[in-house]
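Visitor: What follows is a structure written as structure tokens; I'll ask about it next.
The values are calculated or read from the model by the stated rules, or taken from the named source; none is laboratory data. Fair warning: this is a prediction, and the values are worked out from it, not measured in the lab. Protein only, heavy atoms only, side chains kept; ligands, DNA and RNA dropped before computing areas. Shrake-Rupley method; radii C 1.70, N 1.55, O 1.52, S 1.80 Å.
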Amino acid sequence: MKAILLKEYGLPHKLEVGEVPKPVPKDEEVLVRIHSASINDWDWGLVRGNPFIIRLLYGLRTPKIRIPGVDISGTIEAAGEEVNSFSIGDEIYCDLSECGFGGFAEYVCVPENMVSKKPGNLRHNEAAALPHAGLLALQGLIHKREMKSGERILINGAGGGVGSLAIQMLKPLQAEVTGVDSGEKLEMMKSLGYDYVIDYKTTDFTETGERYDLILDAKTNRSVFTYARCLKKKGRYVTVGGSMTRLFGIVLVGWILSLFTGKKLSVLALKPNKGLDQLSRLAEKGILKPVIDGPYPFDQIPELIQYFGEGKHKGKVVVKIKDSSM
Ligand SMILES: NC(=O)c1ccc[n+]([C@@H]2O[C@H](COP(=O)([O-])OP(=O)(O)OC[C@H]3O[C@@H](n4cnc5c(N)ncnc54)[C@H](OP(=O)(O)O)[C@@H]3O)[C@@H](O)[C@H]2O)c1
């Protein structure tokens, strides 16, 4: 089968398009014919071996992961003997980050407990954009508390994968939502439903004097104290990612600040695929529709990872892996 091969850490142009044997499912796995995949921060990190924690997890000098790729949508082509919730021909989608990656290939084997039925109203190109960013958004919004209606919310990094899905989950709750991202994404963000948009290159949202019930951050790059200042009394700040130093600061100091101020500041550790059925229901109700950049052809994956890393994308970068796929 055709696959994108990661042989050494480096810039994405070092990835190779090659041939590897088609995998065979173990007893509890399904073999998925991948129709579409999307690009995530994991891919950008895994390919370069940066941040360093990636090397601690996946090989100090040489990557142990041979094929990157996190989010997929496809069709079950074979199933192991112990698989009982899915059948051959089922259309499924999932996040592979906890089961060895491998989404940039024609086939992958996945434990059945990691996959969910693809929402019937989404094409593979749309479904592949959902699992990772959608669950970062959902788990971030409900982290340690349920969502409430009518809150003042700010999303930082609002025009990327997480922000473009989080706003759609918030709209039915009549929340007042401000989105922060670069100027060229602001029109797209308004069309998704952001009430207010801020260009981070011209305005520092932490200096506007506004206070929020919730800040969801995909780009943490300020101190824990600065974020705490931007929260209302009992407000909460949840980050899904950003500068490692800043994230450590939030883990170390956030809980102490919480004790003295009542404001909650925390880092979300994603639980891959947990809540995927909830995302499917939101998609099937028409509440959630991924914003797609693409679909692009398979052979462009190396350039697309670079494009993603440079932050030029809007929403999720999607790759069409099976030619006839929609
Ligand atoms: N918590 C976990 O367990 C876990 C697991 C996996 C991944 N993650 C993290 O989750 C995040 C994924 O977010 P995503 O998929 O939405 O990423 P994304 O698609 O890259 O979106 C991030 C957005 O932030 C914008 N941005 C860049 N610098 C900014 C700044 N200083 N202020 C405000 N916005 C800025 C980018 O735009 P421009 O570049 O055009 O400026 C981009 O639109 C990543 O941080 C990743 O590391 C977390």
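Visitor: What pairs in K232/K289; K148/K185; K263/K289; K219/K314; K201/K289; K185/K234 have C-alpha atoms more than 25 Å from each other? It would help to have the intermediate numbers written out before the result.
Guide: Numbers: K232/K289 31 Å; K148/K185 27 Å; K263/K289 32 Å; K219/K314 15 Å; K201/K289 28 Å; K185/K234 31 Å.
Over 25 Å Cα-Cα: K232/K289; K148/K185; K263/K289; K201/K289; K185/K234.
Visitor: Using each residue's phi in the stretch 154-171, evaluate 6.51 cos²θ - 1.76 cosθ + 1.60 at θ = phi - 60° and report the 3J(HN,Hα) Karplus result to the nearest Hz, with x for Gly and Pro.
Guide: These are the phi-based 3J(HN,Hα) values: 10, 10, 9, x, 6, x, x, x, 5, x, 6, 8, 4, 4, 5, 6, 7, 3 Hz.
Visitor: Sticking with this structure for a sec: Out of residues 5 or more away from K274 or on other chains, whose amide H comes under 5 Å of its own, with H placed 1.01 Å from N in the peptide plane?
Guide: Distant-sequence amide H within range of K274: zero hits.
Visitor: Taking θ as phi - 60°, what are the ³J(HN,Hα) couplings along the stretch 184-192 by the Karplus curve (6.51, -1.76, 1.60), each to the nearest whole Hz, with x for Gly and Pro?
Guide: So the Karplus estimates, Gly and Pro as x, are 6, 9, 5, 4, 4, 5, 4, 5, 7 Hz.
Visitor: Given Cα pairs under 8 Å that are at least 6 residues apart, what percent is the relative contact order of the chain?
Guide: Values: 769 pairs, mean separation 64.7, N = 326.
Dividing the mean separation by the residue count of the chain yields 20 percent.
Visitor: Also, I was wondering about something else. Ignoring ligands, DNA and RNA, what percent of the 1.4 Å accessible area of the chain is carbon and sulfur? Working shown, then result.
Guide: Working: 7660 of 14530 Å².
Of the solvent-accessible surface of the chain, carbon and sulfur hold 53 percent.
Visitor: Taking H placed 1.01 Å from N in the peptide plane, check which residues at least 5 places from N40 or on another chain put their amide H under 5 Å from its amide H.
Guide: Placed amide hydrogens put V70 under 5 Å from N40.
Visitor: If each DSSP helix of 4+ residues adds -39,500 (n - 2.57) and the sum is divided by the residues in the chain, what number results at 222 nm, nearest 500 deg cm²/dmol?
Guide: Rounded to the nearest 500, the figure is -7500 deg cm²/dmol.
Visitor: Ordered by residue, what ³J(HN,Hα) values in Hz, to whole numbers, does the stretch 228-241 give under the Karplus form 6.51 cos²θ - 1.76 cosθ + 1.60, where θ = phi - 60° and Gly and Pro are x?
Guide: Running phi through 6.51 cos²θ - 1.76 cosθ + 1.60 with θ = phi - 60° gives 4, 4, 8, 9, 6, 3, 6, x, 9, 10, 10, 10, 9, x Hz.
Visitor: Take the alpha carbon atoms of the stretch 16-39, find their center, do the same for the stretch 90-139, and report the distance between the two centers in whole angstrom.
Guide: The stretch 16-39 and the stretch 90-139 have Cα centres spaced 12 Å from each other.
Visitor: Using amide H atoms built in the peptide plane, which far-off residues or other-chain residues are under 5 Å from I292 H to H?
Guide: The answer is K316.
Visitor: May I ask you to work out the translational diffusion coefficient for the chain at 20 °C, viscosity 1.002 mPa s, via Stokes-Einstein with Rh from the Kirkwood sum over Cα pairs, reported in whole µm²/s? Mind showing how you got there, number by number?
Guide: Working: Rh = 20.2 Å.
The calculation lands on 106 µm²/s.
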